[in-house]
Amino acid sequence: MNAPHPPRYWPPGSLPERAFIPGRGPKPEPATQVAPYLPAERWRDNDAYLWGVDLYNHGYAWEAHEAWEGLWRAAKRDDTQATFLQGLIQCAAARVKASMGDAAAAERVLARGLARLERVRTQQGDRYMGLDLGRYLADHAGRSSASAAWPELWLNP
């Protein structure tokens, strides 16, 4: 029996036709924009964050990275949120590297991303910006970045 998938967190967003993998087809137009900063407790109002989670959960890692990049730039003065977003971006980048067949790079980038998320978990507890950090980190324990199935991001709406 398959585990249930998380719900869509930002339903207005249409998922792309295909996931971009560098070196395999034309690169989509960059979607990275500087988004307005919203404090972590307003994560439910953060469309770009929710859109990135949807993209990540549906296998669009490069696109999720792009969605979160502008948020990361906007959060530069909020060390915890910037660390959290950088951790998510690195986890998405690791998925991209894995899809390109570069397992060694995927492992390195994933380790850095998970370390950042663990730092946030140590400071803030198991939930941050709605994400069940404990579950996500536990789901990664003992698995290889070369695995076909990546843990999903579960938010507590």
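Taking 7 Å steps out from each Cα toward its Cβ at residue 105 and residue 124 produces label points 2.9 nm apart. Diffusion of segment 46-140 by Stokes-Einstein, at 10 °C in a medium of 1.306 mPa s and with Rh set to the Kirkwood radius over alpha-carbon pairs, works out to 121 µm²/s. Compared with the direct C-alpha span, the chain from residue 115 to residue 17 gains 32.1 nm at full extension, assuming 0.36 nm per residue.
Ordering of 128-139, 4-15 by packing is 128-139, 4-15, highest average first (other Cβ atoms within 10 Å, averaged per residue).
No lab work stands behind these numbers, since they all come straight from the coordinates. None of these values were measured; they are calculated from a predicted model. Every residue, glycine among them, receives a Cβ derived from its backbone with ideal geometry; neighbour counts consider all protein chains shown.
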